[in-house]
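Below you will find the structure I want to go over with you.
The values are calculated or read from the model by the stated rules, or taken from the named source; none is laboratory data. Predicted model, so just to flag it, every value in this text is computed and none were measured. Ideal geometry is used to build each Cβ from the backbone, glycine not excepted, and the neighbour counts take in all protein chains shown. To get the accessible areas, we keep the full protein, side chains included, count just its heavy atoms, and leave off ligands, DNA and RNA. Shrake-Rupley method; radii C 1.70, N 1.55, O 1.52, S 1.80 Å.
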Amino acid sequence: MPGKSWTITGGAETEPQAQVSFRVGPQDVRTSGSWSVTAHKHEVGLRAGVETIAIDNGKLRLDVIPTRGMGIHAVHVAGDRELPRIGWKSPIRGPVHPSFVDLGEPSGLGWLDGFDEFFVRCGLESNGAPDFDSKTGRLTYPLHGRIANRPAHQVELTIDTDKQEIALRGVVEESRFHFLKLRMTSTITTKFGSSSFTVHDEIENLSSTPATMQMLYHINFGLPLLDAGSRVIAPVKTLIPRTPHAASGIKTWDSYSAPQPGFDEMVYFFELNAADDGTTRTMIKNAHSTRGVSLVFNKKQLPWFTLWKDTAGEPAGYVTGLEPGTNFPNPRSFETTKERVVNLGPGQKQAFDVTIEVHGSPADVSAGEASIAKIQAGRQSKIHDQPQPDWCA
């Protein structure tokens, strides 16, 4: 049968009565299986007003947050005692409603007040460190941009029983009168019973004048996947430490220690090798190579990659981020001078695709590593032991 669709959140123009609860399952499309899609709104604390849509394909449950730019709070793996949940434990009790996140506070670090998702976007106008006017000291671009704190509208669910597919679509806009006018249409798809899902984002310049934009996917892992002995696997073409402090850990850039209270973050910038069509992938796996997660994306869309290691004590947030992007998360002004921005003409669109694969057995982990080794085959990695001026602000 053809796909069937439901509107979960209406357009901004109509403002329909909010649906506090929503549920769709096999009985609604005359098919079998254990999948479901449910939605609810939180009512208390910093979560008050946040809508969560749980996409359960029977194997994975994705907790999508339309209120926070179509981010994904966590992924739950059915029946896996070793890796029941993919995400991390932030000291923030989220998901946090954007109204409690002051992006314009003078330090430029207000974004951190709402940061606790597994999958969060940084952009669209900027996606890096806070940027300040060199003459006045005024904040010009806050940390990691605004899109993660913009609520979606026109949130629609489609179930296609022919494709055995669940798709959730939402529209998020980042615009200001007289300034930038960008629209992101995000579609998250997964198959019934699948151990993977894909995020497809399309960014459109709504203005009649040219615009520039940036995108970085901040994909974050904590316990139990991240632990002492966990490793990152990547087809490295070039690797550069962001700071002298990161350079001090260059020999162990791909491995992790147990939580260390007071640990100061280390960040590494990469250009990855790719297959002929531009496809590349990275993986994080646990110490025993029994569980892992791969990221699959295309260098033609997302040419750069960042690894963030912040393995402090658990109460502070023991976490690492694997981050494909259009640029490095330096201040916007620096990245602009290096031409690491996406140019969009009036009405022009740019697509980005990221697939997440969950490896639930040693054999799956081994197969994921083999896919990366195939990309890297015969290619030497160039690893710098100090920051480089064209890459690091």
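Do we find a residue being aliphatic (A, V, I, L, M), under 19 Å from I55 (Cβ atoms) and in contact (Cβ under 8 Å) with a residue 24 or more places away in the chain anywhere in segment 129-147?
no
Which condition breaks for Y141 when tested against (1) in contact with a Ser or Thr (Cβ under 6 Å, 6 or more places away or on another chain); (2) more than 21 Å from H76 (Cα to Cα); (3) open to solvent by less than 50 Å² (accessible area, probe 1.4 Å); (4) modelled with pLDDT of 95 or more?
Failed condition: (3).
For segment 219-232, name all the residues that are within 18 Å of the chain's Cα centre (by Cα) and open to solvent by 10 Å² or more (accessible area, probe 1.4 Å).
L223
Condition check ((1) crowded, with 16+ Cβ neighbours inside 10 Å; (2) in contact with a Ser or Thr (Cβ under 9 Å, 6 or more places away or on another chain); (3) outside any loop (DSSP other than H, G, I, E, B); (4) at pLDDT 95 or above) across all residues:
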| residue | (1), (2), (3), (4) |
| --- | --- |
| H245 | no, no, yes, yes |
| K251 | no, no, yes, yes |
| Y268 | yes, yes, yes, yes |
| D276 | no, no, no, yes |
| M283 | yes, yes, yes, yes |
| S294 | yes, yes, yes, yes |
| F297 | yes, yes, yes, yes |
| F305 | yes, yes, yes, yes |
| P315 | no, no, yes, no |
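Name the residue that is nearest to the chain's Cα centre (by Cα), counting only residues in segment 255-266 that are within 29 Å of F297 (Cα to Cα) and crowded, with 19+ Cβ neighbours inside 10 Å.
Filtering first and then ranking leaves M266.
If you don't mind, another one. Considering segment 336-363 alone, what residues qualify as being closer than 30 Å to F118 by Cβ, open to solvent by 70 Å² or more (accessible area, probe 1.4 Å) and touching a strand residue (DSSP E or B) at 6+ places or on another chain (Cβ under 6 Å)?
Within segment 336-363, just K349 meets the criteria.
Hey, I166 hits all of (1) open to solvent by 30 Å² or more (accessible area, probe 1.4 Å); (2) over 28 Å from Q388 (Cβ atoms) but one; which does it fall short on?
(1)
So for segment 364-381 (the condition being open to solvent by 30 Å² or more (accessible area, probe 1.4 Å) and assigned to a strand (DSSP E or B)), does at least one residue qualify?
no
Next question, about the same structure. Taking only segment 148-187 into account, find how many residues are of a type in the set (A, V, I, L, M), in a strand (DSSP E or B) and out of contact with any helix residue (DSSP H, G or I) (no Cβ under 7 Å at 6 or more places or on another chain).
Total meeting the criteria: 7.
Is it fair to say T243 is hydroxyl-bearing (S, T, Y) and within 22 Å of the chain's Cα centre (by Cα)?
When the stated conditions are applied, T243 does not pass them.
If you scan segment 77-108, which residues turn out to be open to solvent by 10 Å² or more (accessible area, probe 1.4 Å) and under 23 Å from A152 (Cα atoms)?
Hits for segment 77-108 are I92, R93, H97, P98, S99, F100, V101, D102, L103, G104.
Name the pairs: first residue in segment 221-240 and within 30 Å of R81 (Cα to Cα) and in a strand (DSSP E or B), second residue acidic (D, E) and open to solvent by 10 Å² or more (accessible area, probe 1.4 Å), Cβ to Cβ under 9 Å, at least 6 apart or on different chains?
R231/D254; V232/D254; I233/D254; I233/E369
Got at least one residue in segment 332-349 being under 23 Å from the mean Cα position of the chain (by Cα) and more than 30 Å from M184 (Cα to Cα)?
no
Now for a separate question. I'd like to know if segment 321-333 contains one or more residues that are on the phi > 0 side of the Ramachandran plot and in contact (Cβ under 8 Å) with a residue 24 or more places away in the chain.
no
A further question follows. Filter segment 181-199 for residues that are in contact with a Gly (Cβ under 7 Å, 6 or more places away or on another chain) and open to solvent by 10 Å² or more (accessible area, probe 1.4 Å) and give the result.
Within segment 181-199, F192, G193, S195 meet the criteria.
Considering segment 352-377 alone, what residues qualify as being acidic (D, E) and under 21 Å from the mean Cα position of the chain (by Cα)?
Correct list: D353, E357.
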